[in-house]
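Report on the structure given below.
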Amino acid sequence: MNALQPVYQVMNQGILQDFINSLLVETIIPEQFIFDFATAQTALNQHGKNLQEVFKNTSEQFSFVLLHEESRQGLVMFAVQKGITQAWKFANEIEVFLLERTNDHVQINVIGIIELFEFIQAIGLFNHCSADKVQAFYEQLQKCLKQYHLLQQHRVNAHDLLNQSLAHRFRILEQYAGYRDRPYHPLAKLKEGLSQQEYMQYCPEFAQELSIHWVAVHKDKMMFGEGVENIFKQQPSEIFIPRSERYQLKQEMFQRGLNETHIAMPIHPWQFEHLLPKFYADDIAEGICHPLNFISKGMYASASMRSLLSKNVLDESLKLPIGIKALGSLRFLPIVKMINGEKNQKLLQQAKAKDAVLKQKLWLCEETQWWSYLPEKQNDRTADNEWLFVEKPTHLAAQRRHIPTELLQEPYQLIPMASLGHAIMDQPAIFDYILQLQHKDINSKQILIEFEKLCTCFFDVNLRLFRLGLMGEIHGQNICLVLKNGEFDGLMFRDHDSLRIYLPWVEQNGLKDPNYLSPHDFRNTLYHESVEALLFYIQTLGIQVNLGCIVDNLASHYQIEVKDLWSVLAHALQQVIQNLNFQPEILTQLQHLLFEVPEWPYKQLLRPLLEQDTRIGSMPSGIGKTRNPLWYALNC
């Protein structure tokens, strides 16, 4: 990167846009503070200022948020426009201004997100929130800004994808996808617990090769996944370390007398330094755990950061816990989630057997081989085993994710959906790469055609699962688009631990209740009570977040009207629904919930962080209301 300052400004503006849009859609800034052009100009007249001189790129079509702070005669103002996905959206290419009056002198300055937060707090818009949580969010915002600025030094290079091997392309696309993280979340890039140096070492967009540490754990103090049938042959070291290096590890285990009694477990370098001494000092003292001198190479962070891509074994990923916080939740690796992931993988495989199109177009990663420290009750997989629900074992575990081998070979290409939801300055957009694969011109007409094909592919797979009572984790980090000869041909699901189900439909279709594992006193959130509850994930994670950020990126990058893209999406969804032959009453219900109501549910981002107490491993969550983009695209 040559011109650092513009990147710095772009990054700040991105967080500011997400923050303001969240404030608006969650009505932390209520509509009473939004004024039309004439009213806003009247407010500025008393300060002797002209609205169009302050906001040079606005017109009378804009409205304005005006926030008054009486004690210092301050006024914060910024422009907003009517939106398709929410009633009001920040006009993101326009600044936020603070007007301050001292005696007869009026001063207007551009302010950033921190000053805006402080002003909003000063005028009492956070008074309904927990004071401790407001302070925590303020501190997180400051940390997030510092980490955002490190992205100026990213090492994503997507300029020459066609000349890279398929596996190397996939790794670059993962790094590209990790550049933004969770779309629309103002704290998306915050990784609490990492120093600046660690941030640049362990986050995917910096493309750093990781040094994986190893710990010998007594095999009697471990639990294994269903796919581990022979613990002597199916160990992490046998899968993720090249044979030439494996000898060094075996030699150290033998010399220390551990080769018969212990299993070598990989551990993330951050975890090895920060959490191994904290959680496992007693186990080390007792000889249950032995930190080894051996270190392996050849791993790179994927977009999820916790899952690592192997340079040496192209179709294998290694998921390791790392005890930092991202989006308010710890990135550990609980046994209960891996067990439920096994159950869901079986359920998805059964679903493929029920539907010929799913059999062809839905690809699943294999995730039943895992290894975890567990000090007691290693053979008890029931809710009676309290050790399955405590934190300590979650920090010393590993899971193998096997990508279907053929997807990393011609004629297939894998594209993480999250890589399509943003552009990186001085880098090509990933849709350019898709059109290059297809030998097609890069223009807005062709983009609309290919976006329709993408939507059709996405909805066809996910609504076929929905018809069986299933809904996968359909955000962009979990789903990869499968291209065959450059054309959209299917989806690959990576994680399976968060498959949601509507049990009446599951059983009606001849599938079995997975009997999810959860504590006795805990309501398992993988079961859903209604069709509407299952459809919620299509509306929110699928459309508002995953496809929604692709819409925004395509509109911005290729200068396409946002409404045109939403119309394409809506028509693609309508066509898929018609083709799937739902029962008449279900078809009527889908038409109503998806196309006929002007409001949809919305997964809140700020209110849960500012108002709720949350479980240690869960992303804070809340549900509000916003505009239905399909209704507005088709009716306005």
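For this structure, a couple of remarks:
- Any chance ASN509 is surrounded by 13 or more Cβ atoms within 10 Å (Cβ to Cβ) and either touching a residue at least 24 places away in the same chain (Cβ under 8 Å) or hydroxyl-bearing (Ser, Thr, Tyr) (or both): yes
- Being loosely packed, with under 15 Cβ neighbours inside 10 Å and out of contact with any Asp or Glu (no Cβ under 6 Å at 6 or more places or on another chain) is a property that does not hold for GLU252.
- Residue in the stretch 36-57 that is touching a residue at least 24 places away in the same chain (Cβ under 8 Å), in contact with a strand residue (DSSP E or B) (Cβ under 9 Å, 6 or more places away or on another chain), in a strand (DSSP E or B) and more than 20 Å from TYR184 (Cβ to Cβ) present: no
- For LYS484, the requirement of being closer than 26 Å to PHE389 by Cα, surrounded by fewer than 17 Cβ atoms within 10 Å (Cβ to Cβ) and outside the structural domain of ALA351 (by TED's automatic domain parsing) is not met.
- With respect to the conditions (1) of a type in the set (D, E, K, R); (2) surrounded by 19 or more Cβ atoms within 10 Å (Cβ to Cβ); (3) out of contact with any Asp or Glu (no Cβ under 9 Å at 6 or more places or on another chain), ARG464 lacks only one, and its number is (3).
- Among the residues of the stretch 73-116, those that are hydrophobic (A, V, I, L, M, F, W, C), closer than 17 Å to ASN21 by Cβ and either assigned by TED's automatic domain parsing to the domain that holds LEU547 or touching a residue at least 40 places away in the same chain (Cβ under 8 Å) (or both) comprise VAL76, PHE78, VAL80, ILE84, ALA87, TRP88, PHE90, VAL96, ILE113, LEU116.
- Candidate set from the stretch 578-601 (those that are more than 18 Å from THR85 (Cα to Cα) and of a type in the set (A, V, I, L, M)); member that is surrounded by the most Cβ atoms within 10 Å (Cβ to Cβ): LEU590
- Some residue of the stretch 350-360 being in contact with a Cys (Cβ under 9 Å, 6 or more places away or on another chain), under 30 Å from LEU580 (Cβ atoms) and surrounded by 22 or more Cβ atoms within 10 Å (Cβ to Cβ): no
- Subset of the stretch 387-425 (residues that are outside the structural domain of PRO321 (by TED's automatic domain parsing) and of a type in the set (Phe, Trp, Tyr)): TYR412
- Elements of the type helices (runs of 4 or more DSSP H) sitting completely within the stretch 171-261 and holding at least 3 residues that are farther than 30 Å from LYS343 by Cα and within 30 Å of the chain's Cα centre (by Cα): these cover 196-202.
- Pairs meeting the criteria (first residue in the stretch 203-224 and at positive phi and in contact (Cβ under 8 Å) with a residue 24 or more places away in the chain, second residue surrounded by fewer than 20 Cβ atoms within 10 Å (Cβ to Cβ) and part of a strand (DSSP E or B), beta carbons under 9 Å, at least 6 apart or on different chains) are ALA207/TYR300.
- Qualifying residue in the stretch 547-570 (condition: at positive phi, surrounded by fewer than 19 Cβ atoms within 10 Å (Cβ to Cβ), modelled with pLDDT under 95 and over 19 Å from the mean Cα position of the chain (by Cα)): no
- Residues that are farther than 30 Å from LEU330 by Cβ and in contact (Cβ under 8 Å) with a residue 60 or more places away in the chain, drawn from the stretch 241-281: PRO242
- Scan the stretch 154-166 for residues that are under 22 Å from the mean Cα position of the chain (by Cα) and of a type outside the set (Lys, Arg) and the total you get is 4.
- Near pairs, Cβ below 7 angstrom, 6+ apart or cross-chain, from the stretch 335-354 (under 14 Å from ASN509 (Cα atoms)) to any residue that is hydroxyl-bearing (Ser, Thr, Tyr) and surrounded by fewer than 22 Cβ atoms within 10 Å (Cβ to Cβ): none
The values are calculated or read from the model by the stated rules, or taken from the named source; none is laboratory data. Note that the structure is a prediction, hence the values are computed from the model and not measured. Every residue, glycine as well, gets a Cβ built from its backbone with ideal geometry; the counts of neighbours run over all protein chains shown.
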